[in-house]
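Peer 1: The structure is given below, and queries will be raised subsequently.
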Amino acid sequence: MGDTEIELSVFLQFLFSGLTAGAVYALVGISLNIVYNSTSIINLAQGEFVVLGGLGMWYFLEHLQLPFFLSFLLTITVAALLGLLMERLTIRPLIKKANLLLMIMVTIAVSILLKGLLMFKFGKDPYAYAPFTEGEPINIFGAVISQQILWVIGITFSLILLLNLFFNKTLLGKAMRACSLDTKAARLMGINVSRIVMLSFVISAIIGAVAGIAITPITLMEYDKGAILTVKGFTAAILGGLGTSKGAVFGGFLLGILESLTAGYIHSGIKDAVALLLLLIVLFFKPAGIFGSKEVIKLRKL
Amino acid sequence: MAKRDYISLLIFALLILCFPVFVQDNYILTVTIFAAINSLVALGLTILMGYAGQISLGQAGFYGIGAYISAILSLNFGLPVVFSMFLSVIVSALISILLAIPALRLKGHYLAVATLGFGEIIYVILNEWGPGGPSGFGDIPQFSFLGYTMSTLTEYFYLSWFFVGLCMIFSMNLINSMAGKALKSIHDSETASVCIGINVSKLKIKVFVLSAIFASLAGCIYAHFVTFLSPSTFSLHYSILVLMMVIIGGMRSLWGAVVGALIITFLPEALRGFKEYDILVYGIVLTLSLLFLRNGIVPLIEDLFRKKA
Amino acid sequence: MKRGKKLLGLFLMVCFIVFSLSTSLFAKEPIKIGAIFSVTGAASFLGEPQKNTVLMLAEQINKAGGINGHPIEVIIEDSKSDESQAVLSAKKLIERDNVVAIIGPSTTGESMALIPIVTSAKIPLISCAAGANITTPVSERYWVFKTAQYDTSAVEAIYRYMQKKGIKKVGILTISTAFGDAGRKALLELAPKFGIQVVADERYGPKDTDMTTQLTKVKSAGAQAVINWSVGPGQVIVTKNWHALKMGIPLFQSHGWGSKKNIELAGKAAEGVIAPLGRIVVWDKLPDKHPQKPILKKYVTDYMARYKGEPGTFGGHAYDAFMLVVDAAKRVGPDRAKIRQYIENNIKNWPGIGGVFNMSAKDHCGLTVDSFEMVIIKNGDWEILK
């Protein structure tokens, strides 16, 4: 291979690595946005749903030896139920108080609780299962990308499409958007806001779980991976513009690729710091994020 | 200061003076020393959150800066401990000003993420470039003053709680002064405050710096007490813990910081018996207290007393 | 009615006699041994098997009559992988529980934090962590011992093997925790002694999900082998990435690799991975005459029967630490200073799980590079490399 070809394959390899991480961040960011849009709350327990997805899938698929699709359905059902419980038991009683700080703290408390539950059930070991499709990694210009990563990216984009359709074409989706724009007006139009809130928690729990199910074959899953996923997902959402799903996707991939390129071309020890610096720069100079704008923050379109 | 404040300080002083006389158990003394250190960080955050209405998820950053700088100055440069602590606090204050100026233009979740980002950057710096890297370093000189080196637990107990008392007096004065009233005004409505002519941003920055000073002071005490530092102590996990202390104790109450710190510091000790269930129990306890003790414990108790009267 | 009462009285008396007979077997005062492990937190993969090991051993010894008739009472504290918690645990064990010795902690950082405490309290500490600083300089570690091999010994084992195979350029990947950092320092320091050049020095975090970037850099730098130094899921992820990249150069892992779980999780990617491991993972492949074999066999089979999982190398460190204290207490009684002295002077050619120990006033670790076997994974199982 010639020198430029090697350069290209190395660059592509860094890129693919960044895409893998980025897809996860994007999915977490999207789920955070869904809850944020209908409630203005950032659910800091979001990462735990990703972990639940991975561990739950292992439980049904490997431990109980159930078929793939059944395990998948069962896992997201469990996640949905937990999301529902969380909303009913901890969010609904407090949301009327409208104290932002308190809500943030409650989601943190719930994340600790969920982590404790997961540790209790699964212990501290990492778990994994086979990728969705077995096979050799795919070679593109000398860089390899495993099939599972393509699954993760594919699932990410499919989810975005689905969500787009949901929020723009279905009545329920439009109702959710109405809530995010103006809760009072939505209520006046006859929309059951508390049901919308519940639905948003359920949907983001499901998305989180799907992310977990998809990445576990690559990254393994353990009980305490939640916190860092939440932080990265939150970062991705803010980078792209809090509340916009386009933003979360862009922010997620940007974050992942930036980390990877920093590790690749500068120094792998500082990749986290560089990503954080970028976050601070965006916050200080354009807090609305790349796709947000000051007006959009107020209007909070999806 | 209000009469109430004098009384509470008096009771506090009496409790602190008597405690080591009645409690000789080194283990409990050590826990209370950690509680004192945590109270300092929590106190700073209480003023920031409860009075100035700003959030910070990065207090561990200042806690860590305080600890590391004081340790390095006294260990590697041979400076007297008190001097190292002083310099360390100054440096932390300067860094906090640099952070506050851009950060405090943000609000709510944005400010939370900015401070979180700051805390994480400090952690990465300590982990990557701090002495010993992730493994940390030890042999940090113990606290010494005018030639006398403190080595017993009782001494550290008095030292740490002395600082808590000192900062408490300072905070009480601040709250009751004009600045304090201006702060309350900002918390309630920034727009209105600006209208009456309060320099909102300057005040917010001052309070932010204050919280950083308290946190770094706590870090200094930690460094010279434990005499060993590693970056893992100064992580996001700690920032969240401090937040918990403030909320559980009562965001609007200065003593709430101390109560919250005592509870959160003692809670894992009380939960030792639970072994594997401890994270779960911890999460349940926290969730329940947030759900039912919304304003925090100290206001709850104050309310009870008021109702009786 | 009266007859019923008499019968009841008789019955109770019989119970009482039986009960006192059984307790009189243990009428002697218990010997308290303290243990601090990272049962939860970042290092729980270390602490959990260590805790299980100690519990199992205490039970076995008590069933057999304890130490000279005294039952062992083991008090295990969870340090949650945090130094301040380790400090608190140590204080509790020393002050409140009055233990004769402390086993653990699981990590180097926590062990370092306890050195001043045990030194001033004059109680022996037998750490299960690897850092060289724990027991050196020996003149300042009078009360401190450790049962885990030095990280430098593991590195030595790898470099020796590489020298034999003519590998001159290596790339290293280390995790940015104390474990990885210690390995990194050792790898960089010892390389020149074996004529090896480290051409790439990459890092990653404990929760990082993909290390292909770092591995790609290692390849680009022209390395002939890659060494990964970590514990936890990172080891498996690096292995899978290495396999997917088809790097064509051998992958070496640290001594933290020694768990069947890793082979299971990495699947066929693990084929060909080499690591210096304690003999516990390959005990069944040792010749019967080997002094460690009977102890290894009993430990592994007992542990698996009871806990349904392997103890691993790390559990073994707790085994050795505990048995050192038990041995000492058997000979000199529950005296802190005497136990310390016994361990320092009388442990020679002492076969344990980690290796054959030779403690002395100059060496409070007692293990060398020979406590490792170079092991390769073939067909999903361990095989000793010749």
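Any read-out appearing in this document is the output of simple, stated calculations on the displayed coordinates, not a laboratory observation. Note that this is a predicted model, so its numbers are computed, not measured. Reconstructed Cβ throughout: ideal geometry from the backbone, glycine too, with neighbour counts over all protein chains shown.
Peer 1: For a quick check: with amide H placed at 1.01 Å from N, whose amide H comes under 5 Å from residue C:39's, ignoring anything fewer than 5 positions away on the same chain?
Peer 2: For residue C:39, whose amide H was placed from the backbone, the distant partners under 5 Å are C:79, C:80, C:81.
Peer 1: Can you give the longest run of chain A that contains no trypsin sites (Lys or Arg not before Pro) sitting in a DSSP loop with at most 12 other Cβ atoms inside 10 Å?
Peer 2: A:98-302
Peer 1: Please check: in the Gaussian network model of chain C (C-alpha springs, under 10 Å), which one of C:296, C:125, C:286 has the largest mean-square fluctuation.
Peer 2: C:286
Peer 1: For segment C:122-182, what does the alpha-carbon gyration tensor say about shape, rounded, prolate or oblate, given a ≥ b ≥ c as the root eigenvalues, a/c under 1.5 as rounded, and a/b over b/c as prolate?
Peer 2: Verdict is prolate for segment C:122-182.
Peer 1: Any chance you could tell me what percent of the C-alpha pair distances in the protein assembly as shown go past 43 Å?
Peer 2: 37
Peer 1: Measure nothing but the geometry: give the 0 to 90° angle between the long axis through the Cα atoms of A:171-181 and the longest principal axis through the Cα atoms of chain A, rounded to 10°.
Peer 2: Helix A:171-181 sits at roughly 80 degrees to that axis.
Peer 1: When 1/r is averaged over all different Cα pairs and the result inverted, which Kirkwood radius in Å belongs to chain A?
Peer 2: Across chain A, the inverse of the average 1/r is 19.8 Å.
Peer 1: Inverting the mean 1/r over all pairs of different Cα atoms, compute the Kirkwood radius of segment B:1-110 and quote it in Å.
Peer 2: Across segment B:1-110, the inverse of the average 1/r is 16.8 Å.
Peer 1: Just add up the charged neighbours of residue C:93: K/R +1, D/E -1, any other residue whose Cβ is under 11 Å from the Cβ of residue C:93.
Peer 2: So the surrounding residues net to +1.
Peer 1: Let me ask you something else. Write down the radius of gyration of segment C:104-243 and its Dmax, each obtained from C-alpha positions, in Å.
Peer 2: 16.9, 53
Peer 1: Hey, another quick one. Can you sort C:143, C:350 from fewest to most other Cβ atoms within 10 Å of each residue's own Cβ?
Peer 2: C:350, C:143
Peer 1: Taking H placed 1.01 Å from N in the peptide plane, check which residues at least 5 places from residue C:367 or on another chain put their amide H under 5 Å from its amide H.
Peer 2: Residues meeting the criterion, in which the H sits 1.01 Å from N, are C:358.
Peer 1: What is the Cα centroid distance between segment A:42-71 and segment B:19-79, reported in whole angstrom?
Peer 2: The two parts, judged by their Cα centres, are 39 Å apart.
Peer 1: Peptide C:106-112: average number of partner chain Cβ atoms within 10 Å per residue?
Peer 2: 4
Peer 1: Right, something else. Where q = 0.15, 0.22 Å⁻¹, what log10 of I(q)/I(0) comes from the Debye formula for segment C:207-305, counting one point per Cα?
Peer 2: Scattering profile of segment C:207-305, log10 relative to I(0): -0.66, -1.09.
Peer 1: Another question about this same structure. Could you list the square roots of 5 times each eigenvalue of the Cα gyration tensor of chain C, that is, the equivalent ellipsoid semi-axes, sorted largest first and rounded to whole Å?
Peer 2: Listed largest to smallest, the semi-axes of chain C are 43, 23, 19 Å.
Peer 1: Averaged over peptide A:221-227, how many Cβ atoms belonging to another chain are found within 10 Å of each residue's Cβ?
Peer 2: 4
Peer 1: Using the Cα atoms of chain B, I'd like the radius of gyration and the largest Cα-Cα distance, Dmax, both in angstrom.
Peer 2: 19.1, 58
Peer 1: So who's got an amide H within less than 5 Å of the one on residue C:74, skipping anything under 5 residues away but keeping other chains? H placed 1.01 Å off N, in plane.
Peer 2: C:33
Peer 1: Among B:147, B:64, B:296, which one shows the biggest mean-square fluctuation in a GNM of chain B, springs joining Cα atoms closer than 10 Å?
Peer 2: Among B:147, B:64, B:296, the largest mean-square fluctuation in the Gaussian network model of chain B belongs to B:147.
Peer 1: Mean residue ellipticity at 222 nm from the helices of the protein assembly as shown, using -39,500 (n - 2.57) per DSSP H segment of n ≥ 4 over the full residue count, to the nearest 500 deg cm²/dmol?
Peer 2: -20500 deg cm²/dmol
Peer 1: Here is a further query. Under a GNM of chain C (C-alpha, springs under 10 Å), which listed residue has the highest mean-square fluctuation: C:343, C:353, C:67?
Peer 2: Checking each option, the largest mean-square fluctuation is seen for C:67.
Peer 1: Something else: Using the number of other C-beta atoms within 10 angstrom as an exposure proxy, rank C:184, C:306 with the fewest first.
Peer 2: C:306, C:184
Peer 1: Which distance in Å, rounded to a whole number, links the C-alpha centroids of segment C:58-111 and segment A:163-185?
Peer 2: Result: 59 Å between the Cα centres.
Peer 1: Residue by residue through B:225-233, how many Cβ atoms from other chains fall within 10 Å of the Cβ on average?
Peer 2: Across the residues of B:225-233, the mean count of other-chain Cβ atoms within 10 Å is 6.
Peer 1: Is segment A:193-302 best put as rounded, prolate or oblate by its Cα gyration tensor, with a ≥ b ≥ c the root eigenvalues, rounded for a/c under 1.5, and otherwise prolate when a/b is larger than b/c, oblate when not?
Peer 2: The shape class here is oblate.
Peer 1: Once you have a ≥ b ≥ c as the square roots of the Cα gyration tensor eigenvalues for segment B:49-124, tell me rounded if a/c is under 1.5, and otherwise prolate or oblate according to whether a/b is larger than b/c.
Peer 2: Prolate is the answer for segment B:49-124, as a/c is 1.5 or above and a/b outweighs b/c.
Peer 1: Could you give the distance between the Cα centres of segment C:232-309 and segment B:100-150, to the whole Å?
Peer 2: Each part reduced to its Cα centre gives a spacing of 38 Å.
Peer 1: Now a separate question. Quick test of the membrane-span-like rule: which DSSP H helices of chain C reach at least 24 Å along their long axis (C-alpha atoms) with mean Kyte hydropathy at least -0.5?
Peer 2: C:2-25, C:44-63, C:312-332
Peer 1: Now for a different question. DSSP H helices in chain B with Cα extent of 30 Å or more along the helix axis and mean Kyte-Doolittle hydropathy at least 0.0?
Peer 2: Membrane-span-like by this criterion, though nothing is claimed about a membrane: B:81-103, B:108-129, B:153-176, B:200-226.
Peer 1: Using Cβ counts within 10 Å as a stand-in for footprinting exposure, how do C:302, B:303, C:208, A:125 rank, fewest first?
Peer 2: B:303, C:302, A:125, C:208
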